[in-house]
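This report concerns only the one structure given below.
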Amino acid sequence: MNFSSKLLENAVAEFAKLPGVGQKTALRLVLHLLNQDKEDVQQFSSAISKLRNEIVFCRVCNNISDHHVCEICTSNRRDRSTICIVEDTRDVMAIENTNQFNGLYHVLGGLISPMDGVGPTDLNIDNLVTRVDAGDVKEVIFALSATMEGDTTIFYLNKKLKDFKINISTIARGIAFGGELEYVDEITLGRSIATRVPYENSLSR
């Protein structure tokens, strides 16, 4: 692709680094910005800069937050005896949209995947064990994608938590094997949470 401006080429190259964005789409986005008022472009640039420089991860659940402890963890309206374990923030958002869960979350920051070089020590697991060991938790729900990596992670977490006096459950498999949680429709995901089953029972299905 030939560019009439090096500045244009550089901007397109940066946008093309985004997932799912090819050079043609990147060029369309950059040209769109060029047609906007300078103030609007500055506001866009400022939002991206603040996102990268000021956002933090909740020190309790590891969810993306504006504060050191997120709004979900500080809310007095949440059931603090139940923790839903998810892969990342997108899954928190998906579950929250169902309005079927009122407990707290724990964001692992990924899934165990030896093929990709991701092991248990790369995930936010030790903090989960610390939260459960504190004694306030009565139930842990595994809400991980129905993939080989998701099942491997659940198996590992179950071994880490099974000696605690808590209920360990997993969302019902209305989700097809290989399905990513964030792409499941809200009704199916909501029902999967509401009809969750004990983890040990799920192994025999």
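The values are calculated or read from the model by the stated rules, or taken from the named source; none is laboratory data. No experiment lies behind these values; they were computed from the predicted model shown. A quick note on method: Cβ atoms are made from the backbone with ideal geometry, for glycine too, and the neighbour counts reach across all protein chains shown.
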Point to revise | Test set (1) at pLDDT 95 or above; (2) within 19 Å of the chain's Cα centre (by Cα) - Ser81 fails condition number | key: (2)
Check your understanding: Do we have any residue at all in region 128-136 that's among the basic types (Lys, Arg), under 25 Å from Asp163 (Cβ atoms) and surrounded by fewer than 16 Cβ atoms within 10 Å (Cβ to Cβ)?
Key -> no
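Would you confirm whether any residue within region 143-155 is among the charged types (D, E, K, R) and either within 20 Å of Ile168 (Cβ to Cβ) or over 13 Å from the mean Cα position of the chain (by Cα) (or both)?
yes
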Review point. Does Gly109 count as under 30 Å from Ile141 (Cβ atoms), free of Cβ contacts under 8 Å to residues at least 12 places away in the same chain and not hydrophobic (A, V, I, L, M, F, W, C)?
Key: no
**Study point:** Residue match in region 85-97 (condition: assigned by TED's automatic domain parsing to the domain that holds Thr170, surrounded by fewer than 19 Cβ atoms within 10 Å (Cβ to Cβ), polar (S, T, N, Q) and in a loop (DSSP other than H, G, I, E, B))
**Key:** yes
Review point. Being aliphatic (A, V, I, L, M), modelled with pLDDT under 95 and over 15 Å from the mean Cα position of the chain (by Cα), is that true of even one residue in region 104-115?
Key: yes
Practice item. For Glu39, indicate whether it is farther than 17 Å from Gly109 by Cβ and either loosely packed, with under 11 Cβ neighbours inside 10 Å or touching a Pro at 6+ places or on another chain (Cβ under 8 Å) (or both). Key: yes
Exercise for review: Go through region 1-45 residue by residue and tally those that are in a loop (DSSP other than H, G, I, E, B) and hydroxyl-bearing (Ser, Thr, Tyr).
Suggested key: 2
